[in-house]
Amino acid sequence: MTNKIAPLEQLKIDSNYLRGTIAEGLNDPLTGAISHNDNLLLKFHGSYQQDNRDLRDERRKQKLEPAHSFMIRARLPGGVVSPEQWLIFDQIAQDYAEFGLRITTRQTFQWHGVLKRNLKKLMQGINQANATTIAACGDVNRQVVSVSNPLLSQHHAAVFAWAQKISDHFLPKTSAYAEIWLDGKKVEELSHDSNEEVEPLYGKTYLPRKFKIGLTIPPTNDVDIFAQDMGFIAIIENDELIGFNLTVGGGMGATHGDDTTYARLGSVLGFVTLDEVIPAAEAVLTLQRDHGNREERRYARLKYTVDRLGADWFKEQVEARAGITLQSPKAWNFERNGDQFGWVEDHTGRWHLGLRINSGRVIDRPDAPLQTGLREIAKVHTGHFRLTCNQNLIIADVASEDKAQIDALVEQYKLDAYKTQSGIARNTIACVALPTCALAMAESERYAPVILPKLDALLDKYGLLEQEIVFRISGCPNGCARPYLAEIALVGRAPGRYDLRLGANFKGERLNVVYQQNIDEAEILTHLDGLFARYSAERHQDEYFGDFLLRAQIIDQPTQRLIPLVLETV
């Protein structure tokens, strides 16, 4: 253990519970940016400062500052949105955002291209929709994701309630958010004794890094439960939710060229009853708070803490802090981790329509006015919407007599792309990447519509066009698109160059491996052409692509990577 305090840790200590000088920076009319330190604190409020990288060189030549703007992310536990909320979110996107609405890989909305002068207005608009952005980013527990499969509606409500409860429990208590963005007005979930400024759970330094929680119900793994820092796998017995299997230590981020960083699947610690959920969750989070690495942020995620200290030690500490004894994990079975499209009837006779939203981007294009179409649906829909972790949308809780009206609007506004898309296109995730993400090394969202038709052509050649294949593109190795859990993944290295990773399974229970490093599109297509040919000729009945690659020994069995033990606990 050392006494060294990293600069960001000191910044959090000195920030007066996340205030910094954000308010002053917002009022500075001489720049479209805020200071570096305030940008770091702004993340805790649900926003990142960015700039349009397409314009950097030209603005530099003109001796202008970068084209600064902000991304804002809502905190919407479980991804459930009412029609009234949708219309408000849509309106503030029209008023203040450059790129429409975007459904993220964490089941919420982002607004991109927001100018500094409009940032507070957009935040207040989100508050008017009875939502918030606090802790949607930053070194805290972020958006809590939950299963969205409409087939499981009888249990979805119970699991969604737990997602909301866990999310509320881990909200920061600082009043800085209300002061800066809401002119001191308190929304219900942020209220506390204003005479005592304290973070009873997080403390002044909050967590060492971001922390992600997910809940799901087998047989669906649509939240990629093993990618979460902490996961809850619902256990249903006699048609009743009795508790959850608890997982810890999942995470996707890595760094090119640094083998001490890696993606990791969450470890299953044991089973918790419903009464034990919150105590166990708090124990996991506070263990990470107290033992996570605060000197090196690249080793600060929970996965490294678990590997460094050991899963057995971690389990013992969870039991001690929570005052419980974890039971042995109960059996579960996952069948898939993607979304289902089209109409599905639930056990009550209500209907749910799954729609494919390419890269989650809800924006009007000449061939598909999606934003307008969903606005019109929100005006007449009497149920609710569910955002999915695969960047798609469910128009949920529709009465039989209302289906025809929804269908007509879906067809009118070209929202039925899933009907003609290939199996791989329906299972594609792409992160934002260029031009707004500062970390992006290569294209992702803008590259998906370029590469997918070429992959479709190859698959069609071998009679595989309808085969479901999980395909993900990430502009860098940080893993926002969860590429390490894809059967085929492209992870950006440089403009036009990617690592080709292969071999995860369709259930989200196995990591993929690097097949080729730093290759261009022509090489990617050449390699996949040969692999698709073999898959078509040699696969077993109902065998998924990733499973075939492993069985045919085209790739090696993935293994969990462990951080070197020389790294000391802090």
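The values are calculated or read from the model by the stated rules, or taken from the named source; none is laboratory data. Values in this document were obtained by computation on a predicted structure and should not be read as measured data. Here the Cβ positions follow ideal geometry from the backbone for every residue, glycine too, while neighbour counts run over all protein chains shown. The protein model used for the area step is the full one, side chains on, heavy atoms only, and it has no ligands, DNA or RNA in it. Shrake-Rupley method; radii C 1.70, N 1.55, O 1.52, S 1.80 Å.
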Here are some residues: A433, A438. Which one is part of a loop (DSSP other than H, G, I, E, B) and open to solvent by less than 10 Å² (accessible area, probe 1.4 Å)?
A433
Mind checking which residues of the range 1-57 are in contact with a Lys or Arg (Cβ under 8 Å, 6 or more places away or on another chain) and charged (D, E, K, R)?
E9, K12
Residues (of a type in the set (S, T, Y), more than 16 Å from I555 (Cβ to Cβ) and assigned to a strand (DSSP E or B)) located in the range 484-527:
Y498
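Let's see how each residue does on (1) open to solvent by 30 Å² or more (accessible area, probe 1.4 Å); (2) at pLDDT below 95:
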| site | (1), (2) |
| --- | --- |
| V159 | no, no |
| W162 | yes, no |
| K165 | yes, no |
| T174 | no, no |
| E188 | yes, yes |
| H192 | yes, yes |
All but one of (1) more than 19 Å from R297 (Cα to Cα); (2) at pLDDT 95 or above; (3) out of contact with any Leu (no Cβ under 8 Å at 6 or more places or on another chain); (4) not hydroxyl-bearing (S, T, Y) hold for I235, so report the exception by its number.
(3)
Go through the range 319-333 residue by residue and tally those that are in contact with a helix residue (DSSP H, G or I) (Cβ under 8 Å, 6 or more places away or on another chain) and touching a residue at least 60 places away in the same chain (Cβ under 8 Å).
1
Just to verify a result, which residue in the range 485-536, among those that are of a type in the set (K, R) and over 16 Å from R472 (Cβ atoms), is most open to solvent (accessible area, probe 1.4 Å)?
R534
Can you name every residue in the range 457-491 that is over 23 Å from L434 (Cβ atoms) and among the charged types (D, E, K, R)?
D460, K461, E466, E468, E487
Would you be able to say whether some residue in the range 537-549 is surrounded by fewer than 15 Cβ atoms within 10 Å (Cβ to Cβ), part of a helix (DSSP H, G or I) and at pLDDT 95 or above?
yes
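A quick yes/no check of all residues on (1) surrounded by fewer than 24 Cβ atoms within 10 Å (Cβ to Cβ); (2) among the basic types (K, R); (3) out of contact with any helix residue (DSSP H, G or I) (no Cβ under 8 Å at 6 or more places or on another chain):
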site	(1), (2), (3)
R75	yes, yes, no
A97	no, no, no
F109	no, no, no
V114	no, no, no
N118	yes, no, no
K121	yes, yes, no
Could you list, in sequence order, the residues of the range 40-71 that are of a type in the set (F, W, Y) and open to solvent by 30 Å² or more (accessible area, probe 1.4 Å)?
Y48
Looking at F232, F226, which is the one that is in a helix (DSSP H, G or I) and surrounded by 21 or more Cβ atoms within 10 Å (Cβ to Cβ)?
F226
Inter-residue pairs, beta-carbon under 7 Å, first more than 19 Å from S167 (Cβ to Cβ) and among the hydroxyl-bearing types (S, T, Y) and in the range 266-286, second in a helix (DSSP H, G or I) and modelled with pLDDT of 95 or more, 6+ apart
S267/V306
Can you pull out every residue in the range 40-53 that is in a helix (DSSP H, G or I), touching a helix residue (DSSP H, G or I) at 6+ places or on another chain (Cβ under 9 Å) and not aliphatic (A, V, I, L, M)?
F44, H45
Selection status of A552, aliphatic (A, V, I, L, M), open to solvent by 40 Å² or more (accessible area, probe 1.4 Å), over 27 Å from R308 (Cβ atoms) and modelled with pLDDT of 95 or more
no
Of the residues in the range 244-267, those that are under 13 Å from V306 (Cβ atoms) and outside any strand (DSSP E or B) come to G249, G250, Y262, L265, G266
Would you confirm whether any residue within the range 455-478 is of a type in the set (V, I, T), free of Cβ contacts under 8 Å to residues at least 60 places away in the same chain and assigned to a strand (DSSP E or B)?
yes
Qualifying residue in the range 14-22 (condition: under 25 Å from the mean Cα position of the chain (by Cα), of a type outside the set (V, I, T) and buried (at least 17 other Cβ atoms within 10 Å of the Cβ))
yes
Condition broken by Q421, with the remaining ones in (1) under 21 Å from the mean Cα position of the chain (by Cα); (2) polar (S, T, N, Q); (3) within 23 Å of G373 (Cα to Cα) satisfied
(1)
Pull up the range 198-223, narrow it to residues that are of a type in the set (D, E, K, R) and either closer than 19 Å to R289 by Cα or touching a Phe, Trp or Tyr at 6+ places or on another chain (Cβ under 6 Å) (or both), then point me to the one that is most open to solvent (accessible area, probe 1.4 Å).
K204
